[in-house]
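The values are calculated or read from the model by the stated rules, or taken from the named source; none is laboratory data. In this text, all values refer to a predicted model and were calculated from it rather than measured experimentally. Using ideal geometry, Cβ is built from the backbone for each residue, glycine included, and neighbour counts are taken over all protein chains shown.
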Amino acid sequence: MGWAIALHGGAGAIPVDLPPERLEPREAALRRILQIGVSALNARCSPLDVVELVVRELENCPHFNAGKGSVLTTNGTVEMEACIMDGNSKRCGAVSGVSTVVNPISLARQVMEKTPHIYLAFDGAEAFAREQGLETIDESHFITTENIERLKQAKEANRVQQDYTPPFKPEDKKETPVPDGDSKLGTVGCVAVDSLGNLAAATSTGGLVNKMVGRIGDTPIIGAGTYANKFCAISATGIGEAIIRETVARDVAAVMEYKGLGLKEAADYIVHQVSPKGTTGLVAVSSTGEVAMPFNTTGMFRACATEDGFTEVATWAI
Amino acid sequence: MVGWAIAVHGGAGVDPNLPTDRQEQAKLLLTRCLNLGISALRSSASAIDVVELVVRELETDPIFNSGRGSALTENGTVEMEASIMDGSGRKCGAVSGLTSVKNPVSLARLVMDKSPHSYLAFSGAENFAKQMGVERMENDYFITEDNVGMLKQAKEANSILFDYRIPTSGYESCGVGVESPITMNGLPISVYAPETVGCVVVDSQGRCAAATSTGGLMNKKVGRIGDSPLIGAGTYACDVCGVSCTGEGEAIIRGTVAREVAAVMEYKGLGLQAAVDFVIKERLDDGKAGVIAVSEKGEVAYGFNCVGMFRGCATEDGFMEVGIWE
């Protein structure tokens, strides 16, 4: 059996008439970053190193809602979160409320490897980053004009949204202070398995547009947005509150383990039968090299590859 | 209609040398909290209201590690966290990094009911608390002398490997020099400090709920979040059960323990006690923890793989038990 890798740049109501100038840079980035992951796997890097590497690239890319390009809180600030998990040992690391660390996923990895804890947040996470000598930068580095615009729209509509809302039209103003239905994308993630069946998962995000300061989503919650054990590795994306409630990532693995379903069946079951429509997408790989990328939203920016040469980069349903 | 059932805990991992008067105090508190819950259940309160009510009582009392009496960070401050989940509908709320909120579980409930989110932390959570007008206190209200002493010992223990020290603060009657190597989370059991509190309830409508609250690990790094506020790890409730965990937070997170109990019931068809036993035995790896749980059928169960767990449980048919050891 060969290696397999899958990555995402967020699931949501990505409109099918998305203008090419907004679609192409994202698909090009996914292609490029997929190749980086593929090269690393071919070079026999561990899946844990691969998922971190790939998510760092996704964080550095301003087109996705993580690292640079993170969506903004209601105060116009950036509060990033990330999580990484190693399938064999189930060791994991998570961070929330990070505002100056260039690569939150690497900070999450440091929490996993350099502390007796799993999860550090806000000031404590920022202080730890400095202790560890991770690259930090002024918060303005992460803020893009697109996101300033998204925040403005969201405030006008008085809603909390993921970052992919089509421009707001006053005539269809809905009164929803709750993040629902208006699902757009959020989060980036990567899962990988090597030819020995070692698994790892990593997820990173800026969260929801116009979120309350201090809001934590599903990404850093083990079992919700991120999970890996010896059966599979999962990274989820969508509406955090729903993913937490459904313990999405853990449930895919649980259904495989306890009901004997294969990866695709398990992932489809959780996404299409259990999670509310419009809330969830995920990428998954199994210890036997299978890949699944189901979503119940309009689209999900995604890419995958397996060692036998199969690759796919897509946004909507194929 | 089922019979209601309730369980409470005040932490897993208890010093076997804990003086008897402390043990009695703890049992009295557990009994009082159970009775509070039982009265509410007899007046047909819903499970979600009862778990909040009971955990508030546990937070307010300084004996256990939550609210007043919380364990201290490495800086000697208090950072509290809590979560609550309503099994019917699986709405949930969680908070972390609280420094002024008298009852963290109530703020978690407000996050669930009055905010568009599920989890708020640190200054964002404190701001929300101000907006909601919940009762707030100075940070030193939460800090007890006992815990100041424990922090000192924890710091010493962290720099001295395997040097078991006889606790001095608040343990005047303990004079035995025991060489017990029991440790939890890297600390000798004497300074590990009783952890976390929690409550699970199934009401007479068969609705389950769960809530957990804690100050976290003694001498934790500022900003460290444990299992208690993480849905699926320390707390979980759904149609079939309500679960609250306590013990080594990292092990509980890694094992997604609370969700696991429900998952093996749902996907493997195990009954409540069998599910609790399975998870304790198979899903903690080398970790030490305890679990309390109720099912929609009115059953109550608990389990732990460490030395002792402060707990109490009761069912409508008159069964009631409060205990610490096996």
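Numbers at a glance
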{"read-out": "Any pair with Cβ under 6 angstrom, 6 or more apart, that starts in the stretch A:111-137 at a residue that is facing chain B (nearest Cβ under 7 Å) and in a strand (DSSP E or B) and ends at one that is among the aliphatic types (A, V, I, L, M) and surrounded by 15 or more Cβ atoms within 10 Å (Cβ to Cβ)", "value": "A:119/A:94; A:119/B:225; A:120/A:95; A:120/A:111; A:121/B:121; A:121/B:225"}
{"read-out": "Residue A:97 vs. criteria closer than 17 Å to residue A:211 by Cβ, touching a residue at least 60 places away in the same chain (Cβ under 8 Å) and either among the acidic types (Asp, Glu) or part of a strand (DSSP E or B) (or both)", "value": "yes"}
{"read-out": "The stretch A:248-285, residues that are in contact (Cβ under 8 Å) with a residue 60 or more places away in the chain and in contact with a strand residue (DSSP E or B) (Cβ under 7 Å, 6 or more places away or on another chain)", "value": "A:279, A:280, A:281, A:282, A:283, A:284, A:285"}
{"read-out": "Residue list for the stretch A:243-262, restricted to those being in contact with a helix residue (DSSP H, G or I) (Cβ under 9 Å, 6 or more places away or on another chain) and either modelled with pLDDT under 95 or farther than 30 Å from residue B:113 by Cβ (or both)", "value": "A:253, A:255, A:256, A:257, A:258, A:259, A:261, A:262"}
{"read-out": "Sole exception among (1) out of contact with any helix residue (DSSP H, G or I) (no Cβ under 6 Å at 6 or more places or on another chain); (2) small (Gly, Ala, Ser); (3) on the phi > 0 side of the Ramachandran plot for residue B:115, by number", "value": "(3)"}
{"read-out": "Per-region count, the stretch B:55-87, residues more than 18 Å from residue B:106 (Cβ to Cβ) and surrounded by fewer than 24 Cβ atoms within 10 Å (Cβ to Cβ)", "value": "6"}
{"read-out": "Any hit, the stretch B:34-48, residues being in a loop (DSSP other than H, G, I, E, B) and either within 24 Å of residue B:234 (Cα to Cα) or of a type outside the set (Ser, Thr, Tyr) (or both)", "value": "yes"}
{"read-out": "Enumeration of residues in the stretch B:80-107 that are within 12 Å of another protein chain (Cβ to nearest Cβ) and within 15 Å of the chain's Cα centre (by Cα)", "value": "B:81, B:83, B:85, B:94, B:95, B:96"}
{"read-out": "Out of A:237, A:279, A:205, sole residue that is modelled with pLDDT under 95, away from chain B (no Cβ under 12 Å) and surrounded by 24 or more Cβ atoms within 10 Å (Cβ to Cβ)", "value": "A:279"}
{"read-out": "Boolean, residue A:247 is more than 10 Å from chain B (Cβ to nearest Cβ), of a type in the set (Val, Ile, Thr) and either in contact with a Gly (Cβ under 8 Å, 6 or more places away or on another chain) or over 30 Å from residue A:74 (Cα atoms) (or both)", "value": "no"}
{"read-out": "Breaking point among (1) in contact (Cβ under 8 Å) with a residue 40 or more places away in the chain; (2) crowded, with 19+ Cβ neighbours inside 10 Å, for residue A:57", "value": "(1)"}
{"read-out": "Which numbered condition residue B:281 misses (of (1) crowded, with 24+ Cβ neighbours inside 10 Å; (2) basic (Lys, Arg); (3) more than 14 Å from chain A (Cβ to nearest Cβ))", "value": "(1)"}
{"read-out": "Breaking point among (1) outside any strand (DSSP E or B); (2) surrounded by 24 or more Cβ atoms within 10 Å (Cβ to Cβ); (3) modelled with pLDDT of 95 or more; (4) not hydroxyl-bearing (Ser, Thr, Tyr), for residue B:206", "value": "(2)"}
{"read-out": "Residue satisfying all of: in the stretch B:221-236; touching a helix residue (DSSP H, G or I) at 6+ places or on another chain (Cβ under 8 Å) and outside any loop (DSSP other than H, G, I, E, B); farthest from the other protein chains (Cβ to nearest Cβ) among these", "value": "B:235"}
